[in-house]
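Here's the structure we're looking at; comments come further down.
The values are calculated or read from the model by the stated rules, or taken from the named source; none is laboratory data. Quantities reported herein were computed from a predicted structural model and do not represent experimental measurements. Counting neighbours? That spans all protein chains shown, and the Cβs are built from the backbone with ideal geometry, glycine included.
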Amino acid sequence: MLIRFCLVVFVAAAFGVRPASAQQVTKQAVPGVSNFAKLETTVACGGATTPDAVPELKKMGYASIINLRLPSEAGANVEGEAAAAKAAGINFYNIPFSGQSPDPKAADQFLATVTAKNNEPAYIHCAAGNRAGAMWMIKRLVVDHWDSDKAFTEATALGLTSPALKQFAIDYAQSHKR
């Protein structure tokens with residue numbers, strides 16, 4: 001616990017003070033989750049997540065899990081995670097999203113899901129956090145009307161690493177203005 005607290009303090013100090021509109025991203029260790037990055041109370045993004053991690057995510061206060069993995073991906077236990085979510089009483093959604101051939105329909109479904117009543121705070125994950133960060137960037141651009149630099153900075157802190165997914169997010173937002 002002390003190590004986790006020190007890590008949060010270190011990350012907060014390293015990133016300095018942010019404007020009130022931006023939330024602080026912190027990294028922490030969660031058993032059964034790789035690359036867990038929390039955006040204060042709104043959302044967390046992560047990588048590969050085992051069904052065993054779901055009760056802990058529920059204890060942390062997440063109302064929903066949005067799994068962006070393709071069921072055919074190696075290690076993607078979508079059915080097991082869905083069963084664990086049902087047992088824990090947490091909303092579970094699988095929105096298959098390919099990083100190699102991103103589909104705007106997946107982004108449409110993601111936006112409808114992440115903004116639905118009773119789904120916040122949401123835990124969004126894929127295999128490494130890259131696709132989760134891209135989808136969150138889309139939400140910031142389309143729903144919250146952030147500029148692309150600010151949205152990209154936050155998405156990068158949450159796990160976005162792919163220039164192609166960054167461009168997909170920007171292109172999607174430009175063609176889906178609200």
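Of the numbered conditions (1) in contact with a His (Cβ under 9 Å, 6 or more places away or on another chain); (2) surrounded by fewer than 17 Cβ atoms within 10 Å (Cβ to Cβ); (3) not polar (S, T, N, Q), Lys59 fails exactly one; give the number of that condition.
That leaves (1) as the condition not met.
Within segment 114-137, how many residues are farther than 20 Å from Ala82 by Cα and touching a Cys at 6+ places or on another chain (Cβ under 8 Å)?
2
Taking Phe97, is it touching a strand residue (DSSP E or B) at 6+ places or on another chain (Cβ under 9 Å) and either outside any loop (DSSP other than H, G, I, E, B) or surrounded by 17 or more Cβ atoms within 10 Å (Cβ to Cβ) (or both)? Before the answer, list the steps.
Values: touching a strand residue (DSSP E or B) at 6+ places or on another chain (Cβ under 9 Å): no; either outside any loop (DSSP other than H, G, I, E, B) or surrounded by 17 or more Cβ atoms within 10 Å (Cβ to Cβ) (or both): yes.
Answer is no for this residue.
All but one of (1) free of Cβ contacts under 8 Å to residues at least 60 places away in the same chain; (2) at negative phi hold for Ser34; state the number of the condition that does not hold.
Looking at each condition in turn, Ser34 falls short on (1).
Provide a single number: the residues in segment 29-71 that are part of a strand (DSSP E or B) and closer than 20 Å to Thr113 by Cβ. Even if it seems obvious, please write down each step before you answer.
We begin by selecting, within segment 29-71, every residue part of a strand (DSSP E or B); these are 30, 33, 37-39, 43-46, 49, 64-67.
Narrowing the set further to residues that are closer than 20 Å to Thr113 by Cβ leaves 33, 37-39, 43-46, 49, 64-67.
Result for segment 29-71: 13.
For segment 68-83, name all the residues that are loosely packed, with under 11 Cβ neighbours inside 10 Å and in contact (Cβ under 8 Å) with a residue 24 or more places away in the chain. Explain how you work it out, then say what you get.
So the first thing to find is which residues in segment 68-83 are loosely packed, with under 11 Cβ neighbours inside 10 Å, and the list is 72, 74-75.
Result: Gly75, single match.
Conditions tested, residue by residue: (1) farther than 18 Å from Met135 by Cα; (2) charged (D, E, K, R); (3) under 15 Å from the mean Cα position of the chain (by Cα).
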position	(1), (2), (3)
Thr49	no, no, yes
Pro55	yes, no, no
Ile66	no, no, yes
Ala76	yes, no, no
Glu79	yes, yes, no
Ala82	yes, no, no
Ala87	yes, no, no
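Taking the criterion of being among the hydroxyl-bearing types (Ser, Thr, Tyr), buried (at least 20 other Cβ atoms within 10 Å of the Cβ) and within 16 Å of Leu160 (Cα to Cα), would at least one residue in segment 25-33 satisfy it? Outline the logic, then answer.
Within segment 25-33, the first condition is being among the hydroxyl-bearing types (Ser, Thr, Tyr), and the residues that meet it are 26.
Subsequent filtering for residues that are buried (at least 20 other Cβ atoms within 10 Å of the Cβ) retains 26.
If we keep only those that are within 16 Å of Leu160 (Cα to Cα) too, we end up with 26.
Yes, segment 25-33 has at least one match.
Residues checked against (1) of a type in the set (Phe, Trp, Tyr); (2) in contact with a helix residue (DSSP H, G or I) (Cβ under 6 Å, 6 or more places away or on another chain):
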position: Asp103; (1), (2): no, no
position: Ala107; (1), (2): no, yes
position: Thr115; (1), (2): no, no
position: Ala134; (1), (2): no, yes
position: Asp144; (1), (2): no, no
position: Ser148; (1), (2): no, yes
position: Gly159; (1), (2): no, yes
position: Ser162; (1), (2): no, yes
position: Tyr172; (1), (2): yes, yes
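If the Cβ limit is 9 Å and pairs must be 6+ apart or interchain, which residue in segment 150-168 that is over 24 Å from Val33 (Cα atoms) pairs with which residue that is at pLDDT 95 or above and of a type in the set (Ser, Thr, Tyr)?
Phe168/Ser162
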